[in-house]
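> Next up is a structure, given as structure tokens.
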Amino acid sequence: MTKIRKLLDVLTAPMLAITFSLIVTALILAAFGANIFEVFSKMYDYGTSTRSLTLITNTATTYYLSAVAVAIGFKMNIFNIGVNGQYRLAAMTAGAVAGWISMPGPLAAVVAILVAMFIGALWAGVAAWLKVARGISEVISTIMLNFIAIGIISYVIVQTNIGTEVKVNVRGTPKIQEGARLAGYALIDPKVKIYGFFFIAIAVGIIYWVVLNRTRFGYDLRASGLSPSAATASGVNSKRMTIYAMLASGAIAGLVGLPDLLGKEFSYTLNFPANYGFTGIAIALLGRNNPIGIAFGALLWAFLDVSSQILDLEGVPREIVTIMQGVIVLSVVVAYELVRRNRVKTQQQNVGKALAGAHANVSTSSEGSK
Amino acid sequence: MSETLNAVELVDICKRFPGVVANSNVNLKVRKGSAHAIVGENGAGKSTLMKILYGMQKADEGKILVDGKALVFESPSDAINVGVGMVHQHFMLADNLTVLENIILGSELKKGVKLDFAGAAKQVTDIAKRYRLELPLNEYVSELGVGDRQRIEILKVLYRGANILILDEPTAVLVPHEVDELFRALGDLKSEGITIIFISHKLDEVLEIADEITVMRAGTTVGSVNPKIQNVTAQDLAEMMVGSELPTPATTESTVTNNAVLVVNDLAVHTESGKAIVDHVSFKIHAGEIVGIAGVEGNGQSELLDALLGIVKSSGTVQFLEHNISNWPTRKRREHGIAYIPEDRQRQALLLEAPLWENRMLGHQTLPPNSKGFWLTPASAKSDTQRIVNEYDVRTPNIDVFASALSGGNQQKLIVGREMSGNPKLLIAAHPTRGVDVGAQAAIWDHLRAARAAGLAVLLISADLDELIGLSDSLKVILRGKFVADADPTTVTPQILGNAMTGAGAAA
């Protein structure tokens, strides 16, 4: 009974937001004169083919990592907008290292992952240091660091001999050897593989949950986010916590480019996908920083991205999906706030209930409900 | 005819939450221009009733009459429109705005598209003058003490045109001379025709200020008395409230030992501009001793506590048991047995939007039963939370509700229970019974006395001078960051102490 209510509590806000955004999208489609139901059913049909499902899983893997990176920061009110810069710098370095070193395959993959996490953390660490030592807002510094990262990447790939010509007129890091790739497994569709990194993303989600909810570090992190003053009084060193959280966020951000790098591209080129960081922010909001919520958010986002490919063929601008995604994020933020207020209010009423029956045996009833 | 004399009349108000009744057959008549007190235990339904009157909740049955007219409030703005304003127990002020900005926030005076600060300042000054509520309008709220903040809240409500003022535990945060000032201000308000309804736990004060007192118990009004005509004592009221006698904070016999637990030498805390807020104080607390610090709020008490906890930087030395802890971080101090009941529980002692059992961990997250090494141990933390809930009579349906769902008194009981857990050696407590009801207050005092007998050293700060004098083994008076006098709790009276606190006279 209470479990069902809890689940309803969690689902109400996203469901409201998605329904609302469907209505908005339908209205826009209608304004364009498109057949709403046909468009939606085409998207559904295309999006549920085995090929699409595989692509969705792969895209969602990347989105998931990006959103977890952002969520770690959100948990203590730090806004890491620098995931873009962190993952691109990390993916380039990891690509270069994995392409140059000669090691037994799997070991090279492990090295690539560690290098990526280290570089991501390092780049986020710059913003953390600026915040703690100089009081510079991480919002500003991470945005600036994004631009600096882009500059560094272009320089390294174009001007140094770390970059080579991988394809005609495309410069990038040297191709990663066969054994170091995590190309994945053809589980759903015979022709397209699910990234090996899919499983790593699941592990990241589990670790994220465990660290957050079952360790002292996670408790300190959440306490700092809920009430910085109470956290300080409880003995949390807020500066140190800011640095740890930023480093952790950056380390996960470092992984964001790896599903594509080790699963499909095998080389970091100047055409490497560039904007996973911002998608991560949207999905972290949608998933309420919760590892399972983020997973659903990432899948939904990826589904919309992939299934929108069919729209051009239908004569409907594909950008309609971007509008839909935007509306989802905006309305989910509003919906969560409404649900949160409602929750606080209901709880107060429930306590009022227990107090009104002041002589009812409060303590035993609560033991029962546990 | 007599109806029109009532500023507020509540007739047979009922409020049900699913399955249970929070208010039933509540009847209340508040005469125009009177001060009407509502007293009752935590959970007696006072807050629900006030929320109904203030439009935050809607009654299921019954009528609300304001100035003789039956009204239905859908929201607090409906209430303020007919002149009903509320001053909350927890101030709702923006620290980084000035006093004037806070007062006009939400109902700004406009000149075209610009804010008319000059006009607003004039209006506010007029109101402040009329009711003798002078305030530094251009000062930032963060710079002001509790008494000033409360005056801002009152002024805020008056600025919105309230002529019926609801005050939720207005004296809970004030020291005697501030209370006197508040009561004088309330007297002025009354003489200007403003009706005052206030909720309080402090029965002596209620008797002093109120023209009429209504007692609530278990969701309903059990009676009204008129202290100006009838001869009622605090004991009478307490019995009406809980059917028991009023507890006293007095400790029986000295348990002071020779073992110094805390030795503070030349401790000073400075502001960024170099002003000493805590001005080179030295003192000792022994095992089994309660040292009380009396002072008007804002004379360095908060900073002294924060310095002892290592939350703010300080100079001087602090010796705790055999350790010199002067350079220890907060966590290490707490791990070694310093318990802390802070002044502002919502800011420093609670995670409002976290369940009670996670709040049980706060400040003790590195120790059993909350964690083992790197890992949290939620199961044992939960069962220990349940123990605290039972032992300290925290009124809550279960331990999974957010701390924000509890009333202030119950939050405080949880905090006291938490801080008394795990055998602390030293308790640093500010206002340990602030906002809790008579019964719970007695229970907290009992717990403190028992811990003291078992060798706990306590540094106590309290605005309740009876509590301070009753519990303490020795007293120090703090004024502008300095200890200006010592007092013997066996002979000193609240009046003498109050004078010493304001620098008016030396204590005994």
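> Are there any pairs, at least 6 apart or on different chains, whose C-beta atoms fall under 9 Å, with the first in segment A:36-51 and within 15 Å of residue A:192 (Cα to Cα) and the second hydroxyl-bearing (Ser, Thr, Tyr), and if so, which?
Close Cβ pairs satisfying both conditions: A:47/A:307; A:47/A:308; A:48/A:307.
> For segment B:64-107, which positions are in contact with a Ser or Thr (Cβ under 8 Å, 6 or more places away or on another chain) and under 22 Å from residue B:189 (Cβ atoms)? Break it down into steps so the answer makes sense when it comes.
Step one: filter segment B:64-107 for residues in contact with a Ser or Thr (Cβ under 8 Å, 6 or more places away or on another chain), giving B:67-68, B:95-96.
Residues satisfying the conditions are B:67, B:68.
> Being of a type in the set (A, V, I, L, M, F, W, C), surrounded by 14 or more Cβ atoms within 10 Å (Cβ to Cβ) and not in a loop (DSSP other than H, G, I, E, B) narrows it down to one of A:158, A:211, A:236, so name that one.
A:211
> Shifting gears a bit: If you scan segment B:399-421, which residues turn out to be crowded, with 24+ Cβ neighbours inside 10 Å, over 14 Å from residue B:351 (Cβ atoms) and of a type in the set (S, T, N, Q)?
B:410, B:412
> Still on this model: Looking at residue B:475 and the list (1) part of a strand (DSSP E or B); (2) closer than 26 Å to residue B:346 by Cα, which single condition is not satisfied?
Checking residue B:475 against (1) part of a strand (DSSP E or B); (2) closer than 26 Å to residue B:346 by Cα, the one that fails is (2).
> Does residue B:435 qualify as being away from chain A (no Cβ under 11 Å), modelled with pLDDT under 95, more than 23 Å from the chain's Cα centre (by Cα) and not in a helix (DSSP H, G or I)?
In short, no.
> Among the listed residues B:299, B:327, B:265, identify the single one that is of a type in the set (S, T, N, Q) and under 28 Å from the mean Cα position of the chain (by Cα).
B:299
> Among the residues in segment B:453-460, are any away from chain A (no Cβ under 14 Å), assigned to a helix (DSSP H, G or I) and more than 24 Å from residue B:298 (Cα to Cα)?
yes
> Further question: So which residues in segment B:337-353 are in contact with a strand residue (DSSP E or B) (Cβ under 7 Å, 6 or more places away or on another chain) and surrounded by fewer than 21 Cβ atoms within 10 Å (Cβ to Cβ), if there are any at all?
B:337, B:343, B:352, B:353
> To continue, here is another question. Which of (1) of a type in the set (D, E, K, R); (2) touching a strand residue (DSSP E or B) at 6+ places or on another chain (Cβ under 6 Å); (3) crowded, with 24+ Cβ neighbours inside 10 Å does residue B:358 not meet, given it meets every other one?
Of (1) of a type in the set (D, E, K, R); (2) touching a strand residue (DSSP E or B) at 6+ places or on another chain (Cβ under 6 Å); (3) crowded, with 24+ Cβ neighbours inside 10 Å, only one is false for residue B:358: (2).
> Of these, B:376, B:321, B:352, which one is hydrophobic (A, V, I, L, M, F, W, C) and closer than 22 Å to residue B:448 by Cβ?
Criteria check complete, one pass: B:321.
> Determine whether segment B:325-347 contains at least one residue that is among the aromatic types (Phe, Trp, Tyr), assigned to a loop (DSSP other than H, G, I, E, B), out of contact with any Cys (no Cβ under 7 Å at 6 or more places or on another chain) and within 11 Å of chain A (Cβ to nearest Cβ).
Pass one, segment B:325-347, residues among the aromatic types (Phe, Trp, Tyr): B:328, B:340.
Then drop every residue that is not assigned to a loop (DSSP other than H, G, I, E, B), which leaves B:328.
Narrowing further to those that are out of contact with any Cys (no Cβ under 7 Å at 6 or more places or on another chain): B:328.
Next, from what is left, pick out any that are within 11 Å of chain A (Cβ to nearest Cβ): B:328.
Looking through segment B:325-347, at least one residue is among the aromatic types (Phe, Trp, Tyr), assigned to a loop (DSSP other than H, G, I, E, B), out of contact with any Cys (no Cβ under 7 Å at 6 or more places or on another chain) and within 11 Å of chain A (Cβ to nearest Cβ).
> Every residue in segment B:133-147 that is under 24 Å from the mean Cα position of the chain (by Cα) and in contact (Cβ under 8 Å) with a residue 24 or more places away in the chain, please.
Listed by number, the residues that qualify are B:133, B:135, B:136, B:139, B:140, B:141, B:142, B:144, B:145, B:146, B:147.
> Still on this structure: For residue B:301, work out the one condition from (1) assigned by TED's automatic domain parsing to the domain that holds residue B:453; (2) surrounded by fewer than 17 Cβ atoms within 10 Å (Cβ to Cβ); (3) not hydroxyl-bearing (Ser, Thr, Tyr) it doesn't fulfil.
(2)
> Further question: Give the number of residues within segment B:68-122 that are of a type in the set (A, V, I, L, M, F, W, C), in contact (Cβ under 8 Å) with a residue 12 or more places away in the chain and not in a loop (DSSP other than H, G, I, E, B).
Result for segment B:68-122: 12.
> Please specify each residue of segment A:14-35 satisfying the condition of being in contact (Cβ under 8 Å) with a residue 60 or more places away in the chain and assigned to a helix (DSSP H, G or I).
Selection gives A:14, A:16, A:17, A:18, A:20, A:21, A:22, A:24, A:25, A:28, A:29, A:32.
> Output the residue which, of all residues in segment B:176-208 that are part of a loop (DSSP other than H, G, I, E, B) and more than 17 Å from the chain's Cα centre (by Cα), is farthest from residue B:30 (Cα to Cα).
Among those residues, the one meeting the criterion is B:192.
> Which ones in segment B:367-377 are of a type outside the set (Gly, Ala, Ser), at the interface with chain A (Cβ under 10 Å from one of its Cβ atoms) and crowded, with 19+ Cβ neighbours inside 10 Å?
Answer for segment B:367-377, where residues must be of a type outside the set (Gly, Ala, Ser), at the interface with chain A (Cβ under 10 Å from one of its Cβ atoms) and crowded, with 19+ Cβ neighbours inside 10 Å: B:370, B:376.
Conditions (1) at pLDDT 85 or above; (2) over 23 Å from residue B:205 (Cα atoms); (3) surrounded by fewer than 24 Cβ atoms within 10 Å (Cβ to Cβ), marked per residue:
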| position | (1), (2), (3) |
| --- | --- |
| B:7 | yes, no, no |
| B:17 | no, yes, yes |
| B:32 | yes, no, yes |
| B:40 | no, no, no |
| B:45 | no, no, no |
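The values are calculated or read from the model by the stated rules, or taken from the named source; none is laboratory data. Source: prediction; values computed, not measured. Note that we place each Cβ from the backbone using ideal geometry, even for glycine, and neighbour counts take in every protein chain shown.
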